[in-house]
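First comes the structure, then the notes that go with it.
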Amino acid sequence: DFLISDSIITFNDTNGKLLALKPDVTLSIIKNGVDEKGVKQKLYYNENVYRVWGSTRQFKEIMQTGLECIGDLDNYDVFEVLYLAARSLSTISSDFILDISHLGILSAVLDSINAGSELRAEIMTLVKQKNAHEISGVCERYGVSSEGCELLKSFISIYGAPEKTIEK
């Protein structure tokens, strides 16, 4: 499914094997990583990727820099990644914002309304776009209760300092 997407440049190599220009580095790391109990992998990358760009819908080559910490993680690992992100941003500018979110909360709400995979995918996209109007339409189409729909739409307005957003 991943290679059939219209937002990925695919081509056949000279022996007929289907290849793709990387739209993201994380997927390659996960595909080639080791998934064993007790194993933790820490990797960083700085590579070119190819993505459909904004409203132009044209492919653009961009540099993607990042890190992955995969495996049996603990709170220290999470802290270490967040600390590195904050330090990296502060190196670029003292006027930065580190935005942290956790999709586990949204996933729990989707579980509570018995959302199937199609509804989940649509809602995740719309929450990312902060599109409350379309969420209402999707909820109506899938028969989601008004309470469930309002709860889903509330995710769009939750942002700010942890002490203000945790309660919401």
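Please list Asp95, Asp72, Asp13 from largest to smallest accessible area, probe radius 1.4 Å, with all protein chains kept in place.
Working: Asp95 135, Asp72 75, Asp13 50 Å².
Listed by decreasing accessible area, they come as Asp95, Asp72, Asp13.
Express in whole angstrom the spacing between the alpha-carbon centres of region 25-58 and region 92-144.
With region 25-58 and region 92-144 each reduced to a Cα centre, they are spaced 22 Å.
If I compute percent of Cα pairs over 28 Å apart from the structure I just sent, which labelled value in (i) 34; (ii) 21; (iii) 43 lines up?
After the calculation, the listed value that fits is (iii).
Do any trypsin sites (Lys or Arg not before Pro) in region 13-114 lie in a DSSP loop with no more than 11 other beta carbon atoms within 10 Å, and if so, which? Could you put the intermediate results ahead of the total?
Values: sites: Lys17, Lys31, Lys37, Lys40, Lys42, Arg51, Arg57, Lys60, Arg87; in loops: Lys17, Lys37, Arg57.
Those that pass, being in a loop and sparsely packed, are Lys17, Lys37, Arg57.
Based on DSSP H runs of at least 4 residues, each adding -39500 (n - 2.57), what is the mean residue ellipticity at 222 nm of the chain after dividing by all its residues, to the nearest 500 deg cm²/dmol? Show your work: numbers first, answer last.
Working: 7 runs with 72 residues, N = 168.
Helices in the chain give a 222 nm mean residue ellipticity of -12500 deg cm²/dmol.
Taking a 27 Å limit on the Cα-Cα distance, which of the listed pairs Lys60/Lys128; Lys60/Lys130; Lys130/Lys164; Lys42/Lys168; Lys37/Lys60; Lys17/Lys60 fall beyond it? Could the numbers behind the result be given before it?
Working: Lys60/Lys128 21 Å; Lys60/Lys130 24 Å; Lys130/Lys164 19 Å; Lys42/Lys168 33 Å; Lys37/Lys60 38 Å; Lys17/Lys60 24 Å.
Lys42/Lys168; Lys37/Lys60, as the Cα separations exceed 27 Å there.
Strictly under 4.7 angstrom between C-beta atoms: which cysteines of the chain have no such partner?
Cys69
Kindly sort Ile105, Ile9, Ile135 by accessible area of their heavy atoms, largest first, with the probe set to 1.4 Å. Write down the numbers at each step before the final one.
Working: Ile105 105, Ile9 50, Ile135 0 Å².
From most accessible down to least: Ile105, Ile9, Ile135.
Round to a whole number: what % of the accessible area of the chain belongs to carbon and sulfur, probe 1.4 Å?
Details: 6900 of 12700 Å².
Whole-percent figure for carbon plus sulfur exposure: 54.
In square angstrom, rounded to the nearest 10, how much accessible surface does Ile100 have for a 1.4 Å probe?
Accessible area, nearest 10 Å²: 100 Å².
Sorting Glu140, Glu47, Glu150 by accessible area (1.4 Å probe), largest first, what list results? Display every interim value, and only then the final one.
Working: Glu140 155, Glu47 65, Glu150 105 Å².
Most to least solvent-accessible, the answer reads Glu140, Glu150, Glu47.
Between Ala161 and Gln41, what length comes free when the chain is fully extended (0.36 nm per residue of separation minus the Cα-Cα distance, one decimal in nm)? Write down the numbers at each step before the final one.
Values: separation 120, 0.36 × 120 = 43.20 nm, distance 3.03 nm.
Net length gain for the segment: 40.2 nm.
Taking 8 Å as the Cα distance limit and 6 or more residues as the minimum spacing, I'd like the relative contact order of region 51-168 as a percentage. List each step's numbers first, then the result.
Values: 51 pairs, mean separation 17.0, N = 118.
Rounded, it is 14 percent for region 51-168.
The values are calculated or read from the model by the stated rules, or taken from the named source; none is laboratory data. Here the structure is a predicted model, which is why all the values come from computation and not from measurement. Note that we place each Cβ from the backbone using ideal geometry, even for glycine, and neighbour counts take in every protein chain shown. Note: accessible area is taken over every heavy atom of the protein model, side chains too, but ligands, DNA and RNA are not part of it. Shrake-Rupley method; radii C 1.70, N 1.55, O 1.52, S 1.80 Å.
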